[in-house]
1. For segment 120-136, take each phi angle, set θ = phi - 60°, evaluate the Karplus expression 6.51 cos²θ - 1.76 cosθ + 1.60, and give the result in whole Hz per residue in order, putting x for glycine and proline.
2. Please work out the average accessible area per residue across segment 82-134, using the 1.4 Å probe convention, and give it in Å².
3. Quick check: residue separation of LEU109 and GLU5 times 0.36 nm, minus the Cα distance between them. What number comes out in nm?
4. Pop out the ³J(HN,Hα) list for segment 33-41 in order, Karplus 6.51 cos²θ - 1.76 cosθ + 1.60 with θ = phi - 60°, rounded to Hz; leave Gly and Pro as x.
5. List every residue whose amide H lies under 5 Å from the amide H of LEU10, counting only residues 5 or more places away in sequence or on a different chain, with H placed 1.01 Å from N in the peptide plane.
6. To the nearest 0.05, how large is the calculated FRET efficiency for CYS32 and HIS134 if R₀ is 22 Å and r is the Cβ-Cβ distance?
7. Can you list the residues, at least 5 places off or on another chain, whose amide H is less than 5 Å from the amide H of ARG42, using H built in the peptide plane?
8. Helix-only mean residue ellipticity at 222 nm, the chain, DSSP H runs n ≥ 4 weighted -39,500 (n - 2.57), per residue, nearest 500. What is it?
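The values are calculated or read from the model by the stated rules, or taken from the named source; none is laboratory data. Please read all numbers here as calculations on a predicted model, not as lab measurements. Quick reminder, even Gly has a Cβ in these numbers, built from the backbone with ideal geometry, and neighbours come from all protein chains shown. For accessibility, only protein heavy atoms count, side chains too; no ligands or nucleic acids. Shrake-Rupley method; radii C 1.70, N 1.55, O 1.52, S 1.80 Å.
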Amino acid sequence: MEWLERKENLLLMGAVGTGKTHMATALGVEACRRGKAVQFYRASDLVSVLQEKFVASTLSRFRDKLRKFDLLILDEVGYVPFSQTGSELLFNVIADCYEQQSMIVTSNLEFGQWTSIFGDTKLTSALVDRLVHHAHILSFTGESFRFKQAMERIPM
């Protein structure tokens with residue numbers, strides 16, 4: 001957990017069902033066990049909250065709350081594309097975290113495909129640049145654990 005003390009990020013990348021969320025959750029639990037403040041969001045849920053807070057003019061207060069966490073876990077980046085506003089709001093959260101707190105980000109997409117989620121090449125490049133600067137990138141490969149378990153239940 002030294003990466004957390006150094007305010008570094010973990011980027012868990014790979015195929016669907018290979019354990020990225022499971023690992024992110026386990027690391028979050030361990031950080032909590034060590035007295036760290038941790039918050040977990042599915043990326044699309046966080047973007048929805050950010051948009052709601054923006055409309056309600058309470059975004060600044062919400063971002064202040066997010067800054068108090070030692071670790072922010074952002075799960076499933078890459079499953080749902082974001083609107084331009086949503087992408088910009090999420091970029092600002094990631095920029096706030098940069099060198100101030102750690103993030104764990106899970107994604108089924110390679111970085112080169114993130115423009116399809118964030119919609120803007122420059123914003124995506126700046127976002128990825130901040131995430132990877134102080135990061136450990138872990139690749140998850142292999143067959144989906146869920147698919148494998150489902151296949152094992154089928155009588156032969």
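1. Karplus values, whole Hz, x for Gly and Pro: 10, 4, 5, 4, 4, 4, 5, 5, 4, 4, 5, 5, 7, 3, 10, 9, 10.
2. Working: 2370 Å² over 53 residues.
For segment 82-134, the solvent-accessible area averages 45 Å² per residue.
3. In short, 34.7 nm is gained.
4. The phi angles translate into 4, 8, x, 8, 8, 10, 10, 10, 9 Hz.
5. MET103, ILE104, VAL105, HIS136
6. Taking R0 as 22 Å, the efficiency between CYS32 and HIS134 is 0.50.
7. Those lying under 5 Å, H to H, from ARG42 are ASP75.
8. Numbers: 8 runs with 79 residues, N = 156.
Result for the chain: -15000 deg cm²/dmol, rounded to the nearest 500.
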